[in-house]
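Peer 1: Right, I'll just put the structure down here and ask away after.
The values are calculated or read from the model by the stated rules, or taken from the named source; none is laboratory data. The shown structure was predicted, so the numbers you read here are calculated from the model rather than taken from an experiment. All Cβ positions, glycine included, derive from the backbone under ideal geometry; neighbour counts span all protein chains shown.
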Amino acid sequence: MWIAPELAETVAMIVDEGSFERAAQRLKVSPSAVSQRLRALESQLGRVLIIRSRPIRATPAGATVVRLARQYAAVGHDASVALAIEREERMHVPIAVNADSLATWLLPALEAVTHAHDLTFELLREDEDHTARLLESGSALAAITSQRTPIAGCVVTPLGATEYLAVATPTFVRRWFRGGVTPAALVSAPVIEFDRTDDVQSDWLRANGVEADTPPRHYVPASEDYASAVRLGMGWGMLPPAQAQPSLEAGTLAPLGGPDMTEPLFWQQWNIASEALTAIRESVVSHARAALAPL
């Protein structure tokens, strides 16, 4: 069954913008025209595509249409470049990313691609264990994920592994680990986590013989703010070497020992023949492999 690109684009715009009014502004049509396009496609497919909730959500069928719209946009961009046709808007590329990659090596990789391609990026921040869901839903064209098994319709490229070191300030160590970093001390010492889906600290605790849910916790959901909270001595935490090493060398952070943790990362993107997406993948892979530990 043929789905007109403008109808698929309308569904994607409703999902992206979160309302019919904002979708209409982006599409430069009236809100009633947006509603008419949606009704027309829902009638054509015999499926409900949009759940009118707050925020608006796509149904599983709607997510499929959103993915199709992303594919149309990517192919259309490449065709415009090949035909030297000037487009009103640049190709918009939503990418699901984890916070530590965003804070350390990812932005230079994306910036390098903008020199040769007219692109805008939307970075959807999520834990690496959950970014794949945004790819499945059609919210993203690509994702940095811990999932090595390809999502249906996607291709996977290994990136490397993020290393994490357990660190704390010397003052924190003297207060909480006077007798050493023991299981008994770890039960009481405050730990800092990114959010409630972050399991790096929990894995390290279990490796040191401590039930993961026992110690008191702070939650600081931004990579640089998380590192700042550790440097301020609010608790101990796991930092990538790029964030930890300067403070370790300056003596303002101290290693806690125990096993270093690693998180394998993979690049997944929709399997679309697109020069722009290929260029993004090549740049991301190059920068990742220079910054991450090999798998």
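Peer 1: If you take the residues of the stretch 254-284 that are under 22 Å from the mean Cα position of the chain (by Cα) and closer than 30 Å to ALA229 by Cα, which of them is surrounded by the most Cβ atoms within 10 Å (Cβ to Cβ)?
Peer 2: Here the residue is VAL284.
Peer 1: Would you mention how many residues in the stretch 172-209 are under 21 Å from the mean Cα position of the chain (by Cα) and of a type in the set (Ser, Thr, Tyr)?
Peer 2: Total meeting the criteria: 2.
Peer 1: Would you call LEU277 assigned to a helix (DSSP H, G or I) and in the same structural domain as PHE177 (by TED's automatic domain parsing)? I'd like the intermediate steps shown before the answer.
Peer 2: Details: assigned to a helix (DSSP H, G or I): yes; in the same structural domain as PHE177 (by TED's automatic domain parsing): no.
When the stated conditions are applied, LEU277 does not pass them.
Peer 1: For a quick check of your reading of the model, give me the residue pairs whose first member lies in the stretch 186-201 and is assigned by TED's automatic domain parsing to the domain that holds SER228 and surrounded by 16 or more Cβ atoms within 10 Å (Cβ to Cβ), whose second is of a type in the set (D, E, K, R) and assigned to a loop (DSSP other than H, G, I, E, B), with beta-carbon atoms closer than 8 Å and at least 6 apart or on different chains.
Peer 2: PHE194/ASP127; ASP198/ASP127; ASP199/ASP129
Peer 1: Another one. If you check every pair at least six apart or on different chains, which have Cβ atoms under 8 Å apart with a residue in the stretch 97-126 that is more than 19 Å from MET238 (Cα to Cα) first and a residue that is among the aliphatic types (A, V, I, L, M) and assigned to a loop (DSSP other than H, G, I, E, B) second?
Peer 2: Every condition considered, the pairs that remain are LEU124/ALA140.
Peer 1: Give all pairs with beta carbons closer than 6 Å in which a residue from the stretch 41-62 that is surrounded by 14 or more Cβ atoms within 10 Å (Cβ to Cβ) meets a residue that is of a type in the set (Gly, Ala, Ser); count only pairs at least 6 apart in sequence or on separate chains.
Peer 2: Final answer for the pair search is ARG47/ALA61; LEU49/ALA61; LEU49/GLY62; ILE50/GLY62; ILE56/GLY18.
A quick yes/no check of all residues on (1) modelled with pLDDT under 95; (2) crowded, with 16+ Cβ neighbours inside 10 Å; (3) outside any loop (DSSP other than H, G, I, E, B):
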residue	(1), (2), (3)
HIS218	no, no, yes
GLU224	yes, no, yes
ALA229	no, yes, yes
MET238	no, yes, yes
GLU249	no, no, yes
THR252	no, no, no
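Peer 1: Also: Among the listed residues ALA132, ALA142, which satisfies the condition of being over 30 Å from PRO246 (Cα atoms), in contact with a strand residue (DSSP E or B) (Cβ under 6 Å, 6 or more places away or on another chain), modelled with pLDDT under 90 and crowded, with 21+ Cβ neighbours inside 10 Å? Steps first, answer last, please.
Peer 2: Numbers: ALA142 fails: modelled with pLDDT under 90.
Only one candidate passes the filter, namely ALA132.
Peer 1: Can you pull out every residue in the stretch 186-215 that is among the aliphatic types (A, V, I, L, M) and touching a Pro at 6+ places or on another chain (Cβ under 9 Å)? Outline the logic, then answer.
Peer 2: First, pick out the residues of the stretch 186-215 that are among the aliphatic types (A, V, I, L, M): 186-187, 189, 191-192, 200, 205, 207, 210, 212.
Selection gives LEU186, VAL187, ALA189, VAL191, LEU205, ALA207, VAL210.
Peer 1: State whether one or more residues within the stretch 147-165 are of a type in the set (Val, Ile, Thr), part of a loop (DSSP other than H, G, I, E, B), in the same structural domain as THR252 (by TED's automatic domain parsing) and touching a residue at least 40 places away in the same chain (Cβ under 8 Å).
Peer 2: No, every residue in the stretch 147-165 fails to be of a type in the set (Val, Ile, Thr), part of a loop (DSSP other than H, G, I, E, B), in the same structural domain as THR252 (by TED's automatic domain parsing) and touching a residue at least 40 places away in the same chain (Cβ under 8 Å).
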